[in-house]
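Take a look at the structure set out below.
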Amino acid sequence: MSTSAVEITLLGRTYSIACPKGREDNLRTVAREVEAQLTNLKTRTNSLSREELAIMAALNIGNELFEEKQKNKHYMAQMDERISLLQSTLENSLIERSRKDD
């Protein structure tokens, strides 16, 4: 897969990032989200260095990802349960129908 260079700006610094072709918009969107996190942290805690801001932003984003994964696991478990219930209901209905036909 070929790549292209995408320029993003974080806290006033511009970075050229290699990105797979077709995913440039995704990278720009993520960069905007990271910039928002960094700006928010910088506003709230003016004494942190760039490195500390980056670590805090990474931890915040990592926590958001973890929470979304947990929600997804919970949702998938609910869907598995509903599918099992639906299968059981259908099987019972088919059994009842076959008994009536006999």
Counting helices only, and only those DSSP H runs with n ≥ 4, report the 222 nm mean residue ellipticity of the chain as the sum of -39,500 (n - 2.57) divided by its residues, in deg cm²/dmol to the nearest 500. -26500 deg cm²/dmol
Using the crude model of +1 on Lys and Arg Cβ and -1 on Asp and Glu Cβ, and no other charge, please compute the dipole size for the chain relative to its Cα centre, in debye to 20. 280 debye
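Within the set of other residues whose C-beta is less than 13 Å from the C-beta of Ala31, count the net charge using Lys and Arg as +1 and Asp and Glu as -1.
Taking every Cβ under 13 Å from that of Ala31, the sum is -1.
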So I have [x] 13.7; [y] 18.0; [z] 16.3, and one of them is Kirkwood radius over Cα pairs in Å calculated from this model. Which one is it? [y]
Give me the 1.4 Å probe accessible area per residue for the chain, excluding ligands and nucleic acids, in Å². 83 Å²
For the chain, find the longest principal axis of its Cα atoms and tell me its angle to the long axis of helix 24-44, 0 to 90°, nearest 10. 70 degrees
Considering only protein heavy atoms and a 1.4 Å probe, what is the carbon-and-sulfur percentage of the accessible area of the chain? 53 percent
Distance (nanometres) between label positions extended 7 Å along Cα→Cβ at Asn46 and His74: 3.9 nm
How long is the gain from Ser98 to Thr29 if the chain were fully straight, where each residue apart is worth 0.36 nm and the alpha carbon distance is subtracted? 19.2 nm
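The values are calculated or read from the model by the stated rules, or taken from the named source; none is laboratory data. Computed from a predicted structure; not experimentally measured. Neighbour counts are summed over all protein chains in view; Cβ atoms, including those assigned to glycine, are modelled from backbone coordinates with ideal geometry. Note: accessible area is taken over every heavy atom of the protein model, side chains too, but ligands, DNA and RNA are not part of it. Shrake-Rupley method; radii C 1.70, N 1.55, O 1.52, S 1.80 Å.
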